[in-house]
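Beneath this line is the structure, given in structure tokens, with notes to follow.
What follows is calculated from the coordinates using simple rules that are stated; it is not laboratory data. What you are looking at is a predicted structure, and each value in this text was computed from that prediction instead of being measured. Methodologically, a virtual Cβ is constructed for each residue, glycine included, from the backbone with ideal geometry; neighbour enumeration extends over all protein chains shown.
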Amino acid sequence: MRKEADNIAIYGYIRVSTKEQNEDRQLTALHELKIPEKNIFMDKQSGKDFERPQYKRLVRRMKKGDLLCIKSIDRLGRNYGEILEQWRVLTKEKSIDVMVLDMPLLDTRRGKDLMGTFLSDIVLQILSFVAENERVNIRQRQAEGIAAAKARGVRFGRPSRPLPENFHNAYQRWKAKKITGTAAAKECGMALSTFRYRAAVYENAKLL
């Protein structure tokens, strides 16, 4: 709600990376600031860039002198360069104040002198770097976890369909060069590439 006294509106922005993640902690913090529900915008999306529908809508809505509140800098984003660019757009181009609740130094309403700006710029760069570094670490941990799971034999993706009853017979005749791979695949109701893949898995599993 835009205050009549000073014509300034307060907004809140929430971001969670997936639909399963809970936004209650961020929402509670914004409610404590008495921010109207209609001025709170939320995206359930990765912070790797700013191609987020609710964030874009929020930026279009805010006017010069308004205040944007976020719980922590990583809720704004996790891409170092883009966080700094968005901060510049908000504070310089749109003349919007930004307050990061978990880091009081990142409140552009304070210390608008040279020293205050200098300190907030340093803190912003450090936190932006930390946010992106954490994103990179998360991706690395995910990749390492998937690799370890595959090494243990865990399979990802949709489960394979059961082999048709005539697969063993077709496979044996194909291995003995009595029929072609195309003919064997046709008998099993498979594409040739699928038949060859399932044949390799079948052999490696020593099911013969």
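Before moving on, here are some points about what is shown:
- ³J(HN,Hα) computed for each position of the range 182-198 - Karplus, 6.51 cos²θ - 1.76 cosθ + 1.60, integer Hz, glycine/proline x: 4, 5, 5, 5, 5, 4, 8, x, 10, 6, 4, 5, 5, 4, 5, 5, 5
- Loop sites in the range 9-115: trypsin sites (Lys or Arg not before Pro), DSSP, at most 13 other Cβ within 10 Å: Lys19, Lys34, Lys63, Lys64, Arg109, Lys112
- Amide H partners (placed H, <5 Å) of Ala9, local residues excluded: Lys3, Asp66, Leu67
- Each of Val98, Val201 was scored by other Cβ atoms within 10 Å of its Cβ. Listed from fewest to most, they are Val201, Val98.
- Scanning residues 5 or more positions from Val98 or on other chains, those with amide H under 5 Å from its amide H are Leu68, Thr108, Arg109, with H placed 1.01 Å from N in the peptide plane.
- Cβ-to-Cβ counts within 10 Å put Ile122, Ile83 in ascending order as Ile122, Ile83, the fewest first.
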